[in-house]
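K.L.:
One structure is given below, represented as C-alpha cells, and several questions about it will come after.
Each value in this text was obtained by applying a stated rule to the coordinates, not by laboratory testing. Every value quoted in this text rests on a predicted model; they were computed, and no experiment measured them. Here the Cβ positions follow ideal geometry from the backbone for every residue, glycine too, while neighbour counts run over all protein chains shown.
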C-alpha cells in the first residue's frame, strides 16, 4: 500500500488533533502516512520530504502547526502538491497559527481549515483526490448523507425531550 495523503505535524503533541484526519482516512480506506517534521527544528528533513512527495505518489499534504505555524507554508513553497494547513491551538487560542497559515504570499497558496480542524482537512483532501475517481466520490456522498441522517436522528431525539414551555 502506497500513501496518497501525507499528514505532517510540527510535533507529536499535535497528534490528538490530527487523529480525526487519520481516522477519517481509515474509514474511507485511503492510504496515508503520518509524520512529525518541524520547519524550525528539522528544516532539512522538511525540504527533503516536500521535494520528494510527488515522486512518492503523494497527492495532497495536510500540514498541522501551532504558534508561528510555518510548516504548511514552508512545505507549500517546495512542492506543487496541494497543501492544506491545520492551525493548532497551542497558544493564543490558535489565532496566531490561523493567521500565520492563511496569510501566504501570492503564488504559494495553502488551503486553510479552522483551528484544530483536521477532520475538515481530511474531507477536503479526499474531495481533491476524488475529482477523477467515481468510487471515492460515492464514498464522500455516502459520508455526507450519513451526516444528514445524524441531524435528522438528533431532531427525532429532541422531539422526545419535554419541558413545561416547549412547543415542539
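K.L.:
For the chain, modelled as a GNM with alpha-carbon contacts under 10 angstrom, which of 149, 51, 141 fluctuates the most?
P.N.:
Highest fluctuation among the options: 149.
K.L.:
Order these peptides, 129-135, 23-29, 8-14, 162-168, by their mean beta-carbon neighbour count within 10 angstrom, highest first.
P.N.:
So the order, starting with the most tightly packed, is 8-14, 23-29, 129-135, 162-168.
K.L.:
What shape does region 71-155 take by its C-alpha gyration tensor, where a ≥ b ≥ c are the square roots of the eigenvalues and a/c under 1.5 counts as rounded, a/b above b/c as prolate, and the rest as oblate? Working shown, then result.
P.N.:
On the way: a/c = 3.77, a/b = 1.42, b/c = 2.65.
Judged from the Cα gyration tensor, region 71-155 comes out oblate (a/c at least 1.5, b/c at or above a/b).
K.L.:
Right, here's the next one. Quick check: the angle from helix 15-28's long axis to the longest principal axis of the chain, C-alpha only, nearest 10 degrees?
P.N.:
Helix 15-28 sits at roughly 70 degrees to that axis.
K.L.:
Okay, helix-only estimate at 222 nm for the chain: each DSSP H run of n ≥ 4 adds -39500 (n - 2.57), divide by all residues, round to 500 deg cm²/dmol; what do you get?
P.N.:
-14000 deg cm²/dmol
K.L.:
Further question on the same structure: Could you work out which residue, out of 98, 140, 71, moves most in a Gaussian network model of the chain, that is, has the largest mean-square fluctuation with Cα springs under 10 Å?
P.N.:
So, out of 98, 140, 71, the one fluctuating most is 140.
K.L.:
In a GNM of the chain with a 10 Å cut-off on Cα contacts, which of 84, 123, 61 has the highest mean-square fluctuation?
P.N.:
Result: 123 has the largest fluctuation of those listed.
K.L.:
Sticking with this structure for a sec: What's the extension gain from residue 162 to residue 68 if we count 0.36 nm per residue and subtract their Cα-Cα distance?
P.N.:
Working: separation 94, 0.36 × 94 = 33.84 nm, distance 4.81 nm.
Result: 29.0 nm gained on full extension.
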